[in-house]
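The values are calculated or read from the model by the stated rules, or taken from the named source; none is laboratory data. Since this is a predicted model, take the numbers as computed values, not measurements. For neighbour counting, all protein chains shown are included, and Cβ atoms are generated from backbone atoms with ideal geometry for every residue, glycine included.
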Amino acid sequence: MEEKQWKYKIGAGKMSVVLSLGMTILFGSLSVWLHKTDNGAYFFGDILTGIMVAVLITTSYRLMFYKVLIGKDGFYYQTHIGNGIYHNYGELKNAWITKGQNLSGHENKWCHFETADGKVTRFVFYYNDEKAAKYLVKRIQTETAGKVQETQQYRIDGKASGMVSLIGVFVAVGMACIFTFPMLQLGGIALVMSLVSLLIVGYLLISTLFTYFCFQIKIEEEGFYYQTNPFNGTYFNYQEITRSWEVKRVYRYRRSATGNHYFYLYFTDRHGKTRRFLYENDIYGYEVNILKERINGK
């Protein structure tokens, strides 16, 4: 690293480690008690303990190796062992901050920066690090102001936070399989409900895999590429699109005070066919606005 004196330091935060440690101790204690009392439910206690141990290891790893060190002339960015890199502000093309509601309705804030090769890297930050993120963006924008920039290309996909969803769905599938296996011997309504649960998580797994590996919107100078599943990839010139608009939908279950927040961009082509795609508003709000501007400015 070229700088030893850093103005700001952004890390992963200790709260997630503390929470996962507390949950690990709680479920571990429960599992030990179930074993000592010869309670048959110890099997499920062991599963929950194992899951929380995995979460604890993940959060601890992130705490140790995730860092953004911001200096006067550049910054150092690292997400895991061996991938740390120092960027001079003048070598970058652009930077911006987005914020908005995620799926659960909580507001997230993201800092994005674009390297000379057009690759966009992003990281989430919290209230205590807002001053540092704004300083980083301002320094990059100051260095790049007035420079001749090539037409920027942007990409929207399901990979920004998709790995977390994949892990969650795989865990759900594993637990559904574990719960279904003993039901095979019991039969009856218990088996039917277990199989239904297995089908539901199976559908969620396929949907999540499609989103992670297939969903992509490539925003280019003359048009954009649209794909939401393995079979519908299509390139559109902006002149082909007659209208575009955003829709926010909030689904609440059983009169719950909170709900899931879904953000869609709809667009209609000159043949009158309307398509849409679901996007993460807190992450890709900037790119969606650029896409709308290019469609409207056609």
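Residue-by-condition table, conditions (1) in a loop (DSSP other than H, G, I, E, B); (2) surrounded by 12 or more Cβ atoms within 10 Å (Cβ to Cβ); (3) among the small types (Gly, Ala, Ser); (4) not assigned by TED's automatic domain parsing to the domain that holds LYS119:
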residue: LEU199; (1), (2), (3), (4): no, no, no, yes
residue: LEU204; (1), (2), (3), (4): no, yes, no, yes
residue: SER207; (1), (2), (3), (4): no, yes, yes, yes
residue: LYS248; (1), (2), (3), (4): no, no, no, yes
residue: TYR264; (1), (2), (3), (4): no, yes, no, yes
residue: PHE267; (1), (2), (3), (4): no, yes, no, yes
residue: GLY272; (1), (2), (3), (4): yes, no, yes, yes
residue: GLY285; (1), (2), (3), (4): no, yes, yes, yes
residue: LEU291; (1), (2), (3), (4): no, yes, no, yes
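Say whether the condition of being in contact with a His (Cβ under 6 Å, 6 or more places away or on another chain) and closer than 23 Å to ASP129 by Cβ is met by at least one residue in region 57-64. Give the derivation first.
First, pick out the residues of region 57-64 that are in contact with a His (Cβ under 6 Å, 6 or more places away or on another chain): none.
The answer is no, given that none of the residues of region 57-64 is in contact with a His (Cβ under 6 Å, 6 or more places away or on another chain) and closer than 23 Å to ASP129 by Cβ.
Which pairs have Cβ atoms under 6 Å, sit 6 or more apart or on different chains, and link a residue in region 116-140 that is under 24 Å from ILE156 (Cβ atoms) and in contact (Cβ under 8 Å) with a residue 12 or more places away in the chain to one that is small (Gly, Ala, Ser) and not in a helix (DSSP H, G or I)?
Correct list of pairs: VAL137/ALA95; ILE140/ALA95.
How about region 32-76: which of its residues are closer than 19 Å to GLY174 by Cα, over 20 Å from the mean Cα position of the chain (by Cα) and not acidic (Asp, Glu)?
ALA41, TYR42, PHE43, PHE44, GLY45, ILE47, LEU48, THR49, GLY50, ILE51, MET52, VAL53
Restrict the check to region 39-51 and report whether at least one residue is within 18 Å of ILE178 (Cβ to Cβ), at pLDDT 85 or above, assigned to a helix (DSSP H, G or I) and hydroxyl-bearing (Ser, Thr, Tyr).
For region 39-51, residues within 18 Å of ILE178 (Cβ to Cβ), at pLDDT 85 or above, assigned to a helix (DSSP H, G or I) and hydroxyl-bearing (Ser, Thr, Tyr): absent.
Need the failing condition index for ALA160 against (1) more than 30 Å from LEU69 (Cβ to Cβ); (2) of a type in the set (Gly, Ala, Ser); (3) at pLDDT 80 or above, just the number.
(1)
In region 77-121, how many are under 15 Å from the mean Cα position of the chain (by Cα), closer than 18 Å to LYS67 by Cβ and in a loop (DSSP other than H, G, I, E, B)?
Of the residues in region 77-121, 1 are under 15 Å from the mean Cα position of the chain (by Cα), closer than 18 Å to LYS67 by Cβ and in a loop (DSSP other than H, G, I, E, B).
Being of a type in the set (A, V, I, L, M, F, W, C), without any contact (Cβ under 8 Å) to a residue 40 or more places away in the chain and surrounded by 13 or more Cβ atoms within 10 Å (Cβ to Cβ) is true for just one of LEU56, LEU69, LEU103, LEU92. Which residue is that?
Selected residue: LEU56, the only one of LEU56, LEU69, LEU103, LEU92 that is of a type in the set (A, V, I, L, M, F, W, C), without any contact (Cβ under 8 Å) to a residue 40 or more places away in the chain and surrounded by 13 or more Cβ atoms within 10 Å (Cβ to Cβ).
Just checking, how many residues over region 91-107 are at pLDDT 90 or above and out of contact with any Phe, Trp or Tyr (no Cβ under 9 Å at 6 or more places or on another chain)?
1
Within region 173-180, is there a residue that is modelled with pLDDT under 90 and not hydrophobic (A, V, I, L, M, F, W, C)?
Yes, there is a match, as at least one residue in region 173-180 is modelled with pLDDT under 90 and not hydrophobic (A, V, I, L, M, F, W, C).
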